[in-house]
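To start, the structure itself, in structure tokens.
The values are calculated or read from the model by the stated rules, or taken from the named source; none is laboratory data. Keep in mind that this is a model prediction, so the values were computed, not measured. Note that we place each Cβ from the backbone using ideal geometry, even for glycine, and neighbour counts take in every protein chain shown. Note: areas computed on protein heavy atoms with side chains; ligands, DNA, RNA excluded. Shrake-Rupley method; radii C 1.70, N 1.55, O 1.52, S 1.80 Å.
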Amino acid sequence: QVQLVESGGGLVQAGGSLRLSCAASGIIVSHYAMGWYRQAPGQQRELIASISNGGASTDYSDSVKGRFTISKNIALNTVHLQMNSLRPEDTGVYLCFGYDSGSWSMGRPKYWGQGTQVTVSS
């Protein structure tokens, strides 16, 4: 059974930083591309970051490019999202997911976490 468990969310002031973690079990993160979606209130779910199976290739939405960094810790089987220069519009539930492929450009989301809330105050 695959489980993805997010942690690290919380309340932060604008301009601050948070580091989200996603602990995986039942899959090996070095075998799959992984990513993060953001679900903001009243908005469609937005794909914000992806990383290939080995970690060499990453992709970001324009809304977070230059501020967020996705990474993997292969030894711990975890995925991380470092979020800097946070803005109120970054508020939402952040969901970790696994693709059905080692390539984010050729895969589709298959495994999902429950999400962690991030709230950025102005």
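Put a dot 7 Å past each Cα toward the Cβ at Met106 and Gln82; how far apart are the dots in nm?
3.0 nm
When the chain is treated as a GNM, springs tying every alpha-carbon pair under 10 Å, which of Ala24, Ala75, Ala14 comes out with the largest mean-square fluctuation?
It is Ala75.
Label 7 Å along Cα→Cβ of Gln13; the stretch 65-93 residues with amide nitrogen under 12 Å?
none
What does the C-alpha gyration tensor say about the overall shape of the stretch 32-122? Classify as rounded when a/c is under 1.5, otherwise prolate if a/b is larger than b/c, or oblate.
prolate
When you have a sec, figure out the Kirkwood radius of the stretch 1-81 from all distinct Cα pair distances and drop it here in Å to one decimal? Intermediate results must be reported in sequence, preceding the final value.
Numbers: mean 1/r = 0.0743 Å⁻¹.
Evaluated over the stretch 1-81, this radius sits at 13.5 Å.
Please work out the Cα center distance from the stretch 1-47 to the stretch 87-101, rounded to the nearest Å.
5 Å
Determine the per residue accessible area of the chain with all protein chains present and a 1.4 angstrom probe, expressed in square angstrom.
50 Å²
Tell me, in nm to one decimal, what length is gained between Ser57 and Ser30 on full extension, where the rule is 0.36 nm per residue of separation less the Cα-Cα distance?
8.5 nm
At a 1.4 Å probe radius, carbon and sulfur cover how many percent of the accessible area of the chain?
47 percent
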